[in-house]
Amino acid sequence: MPVNDREPRTRLQAQTWLILDGLEDAAAWPPDWERPERPDDVQYLYRKQHLLVRDADVERVMEIVPSERISHDDNLRGVTLIRYEDETQDIEAVCTAVDRTLGEGVVTPDHVFYLCTGGMCPATEPEVVLDGSLPDPGVSTEPCAGGRNR
């Protein structure tokens, strides 16, 4: 079934299009995720030109990335949402520039949706494990597994 006059090649592509079409300023990473040679290679969905920053780092980040603070009813204590001005810069380039200057983990894209193709969703972890479920990853059979000597 076409989604907005597009014929999806995979179920993930169809679902991603539905989410992106319904969310303002949303995008998928990597930017070329729709190319036929990259089937099902969507790593995350995010809001274009938006970064999440710890309150303590906002001023330092804004010196590197010209941006403005975004205030809204759902602000989380300790985290500030900023919108950077240069719409030609992709999100990974902006994050990399901040990582190089201030260290990794100071900024992150404003993720709007996580794609969890393997099972558990980060928003609901830890989920209840059903009785009889096998451990994942499985139990190691290495003779020194869990031992102090390696």
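The values are calculated or read from the model by the stated rules, or taken from the named source; none is laboratory data. Everything quoted here is computed from the prediction, not taken from an experiment. Glycine gets a Cβ as well: all are built from the backbone with ideal geometry, and neighbour counts include every protein chain shown.
Below are the figures for this structure:
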quantity: The stretch 52-70: number of residues that are surrounded by 14 or more Cβ atoms within 10 Å (Cβ to Cβ), more than 16 Å from GLY103 (Cα to Cα) and out of contact with any Phe, Trp or Tyr (no Cβ under 9 Å at 6 or more places or on another chain); calculated: 1
quantity: Given (1) modelled with pLDDT under 85; (2) under 19 Å from GLN43 (Cα atoms), number of the condition GLY105 does not satisfy; calculated: (1)
quantity: Total residues in the stretch 1-14, condition exposed (fewer than 15 other Cβ atoms within 10 Å of the Cβ) and modelled with pLDDT of 80 or more; calculated: 0
quantity: Qualifying residue in the stretch 28-42 (condition: in a loop (DSSP other than H, G, I, E, B), aromatic (Phe, Trp, Tyr) and farther than 15 Å from ALA93 by Cα); calculated: yes
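One line per residue, one yes/no per condition, for (1) at pLDDT below 90; (2) loosely packed, with under 15 Cβ neighbours inside 10 Å; (3) out of contact with any Pro (no Cβ under 7 Å at 6 or more places or on another chain):
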residue: TYR46; (1), (2), (3): no, no, no
residue: ASP73; (1), (2), (3): yes, yes, yes
residue: GLU85; (1), (2), (3): yes, yes, no
residue: ARG100; (1), (2), (3): no, yes, yes
residue: VAL112; (1), (2), (3): yes, no, yes
residue: VAL128; (1), (2), (3): yes, yes, yes
residue: PRO137; (1), (2), (3): yes, yes, yes
residue: GLU142; (1), (2), (3): yes, yes, yes
residue: ASN149; (1), (2), (3): yes, yes, yes
